[in-house]
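*Asks:* Sharing a structure here in structure tokens format.
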Amino acid sequence: MIQYAVKILVTSVLVVVIAEAAKRWTLAGALLASLPVTSILAMVWLYWDTKSVEQVSELSYSIFWVVAPSFLFFLVLPLLLKSGLNFWLSLTLSCAVMGGAYFGFVKILRSFGVV
């Protein structure tokens, strides 16, 4: 149980630090958010739990292949916001576009035997 509390605390603190940095300086928040913090934490927690470098390696490899569709989110969101749509609708549509891209991309990767 302590292990889960540590995971939640560390992960939460990082998200809050990124959000607070973005309030003061957007570029700092963007730099921190662009780091693969979630992926690194997931790898650390996975290794901590399993001590398996094979599982960490597989996770890293899989993350590499599915990063590309997430870029669509960061392209579509500002375009929708600048076009005048409200934040929540823009966020929802951007997530939907990204979700569709993930779905299609994973199907393509599977057809080539990559994932």
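*Asks:* With open to solvent by 70 Å² or more (accessible area, probe 1.4 Å) and at positive phi as the only criterion, which of Lys23, Lys51 stands out?
*Replies:* Numbers: Lys23 fails: at positive phi.
Only one candidate passes the filter, namely Lys51.
*Asks:* While we're on this one: Within region 62-92, take every residue that is assigned to a loop (DSSP other than H, G, I, E, B) and in contact (Cβ under 8 Å) with a residue 24 or more places away in the chain and give me the one that is most open to solvent (accessible area, probe 1.4 Å).
*Replies:* Of all residues in region 62-92, those assigned to a loop (DSSP other than H, G, I, E, B) come to 67-69, 83-86.
Within this subset, residues satisfying the condition of being in contact (Cβ under 8 Å) with a residue 24 or more places away in the chain are 68-69.
Working: Ala68: 48, Pro69: 7 Å².
Ranking the qualifying residues of region 62-92, first place goes to Ala68.
*Asks:* Hey, can you tell me all the residues within region 21-48 that are farther than 23 Å from Val67 by Cα and in contact with a helix residue (DSSP H, G or I) (Cβ under 8 Å, 6 or more places away or on another chain)?
*Replies:* Restricting attention to region 21-48, the residues satisfying the condition of being farther than 23 Å from Val67 by Cα are 21, 23-25, 48.
Selection gives Ala21, Lys23, Trp48.
*Asks:* From the residues in region 39-48 that are surrounded by 14 or more Cβ atoms within 10 Å (Cβ to Cβ) and more than 12 Å from the chain's Cα centre (by Cα), which one is nearest to Ala96 (Cα to Cα)?
*Replies:* To start, the set of residues in region 39-48 that are surrounded by 14 or more Cβ atoms within 10 Å (Cβ to Cβ) comprises 39, 41-43, 45-47.
With the extra rule that they be more than 12 Å from the chain's Cα centre (by Cα), the set shrinks to 43, 45-47.
Numbers: Met43: 26, Trp45: 28, Leu46: 28, Tyr47: 32 Å.
Applying the filter and picking the extreme gives Met43.
*Asks:* Here is a list: Leu59, Leu32, Leu41. Which entry is assigned to a helix (DSSP H, G or I), of a type outside the set (Gly, Ala, Ser) and within 22 Å of Gly104 (Cα to Cα)?
*Replies:* Details: Leu32 fails: within 22 Å of Gly104 (Cα to Cα); Leu41 fails: within 22 Å of Gly104 (Cα to Cα).
Within the list Leu59, Leu32, Leu41, the selection yields Leu59.
*Asks:* Does Lys82 qualify as being at positive phi and of a type outside the set (Ser, Thr, Tyr)?
*Replies:* Details: at positive phi: no; of a type outside the set (Ser, Thr, Tyr): yes.
So Lys82 does not fit the description; no.
The values are calculated or read from the model by the stated rules, or taken from the named source; none is laboratory data. Computed from a predicted model, the values in this text were never measured in an experiment. For neighbour counting, all protein chains shown are included, and Cβ atoms are generated from backbone atoms with ideal geometry for every residue, glycine included. The accessibility values were calculated without ligands, DNA or RNA, using every heavy atom of the protein model including side chains. Shrake-Rupley method; radii C 1.70, N 1.55, O 1.52, S 1.80 Å.
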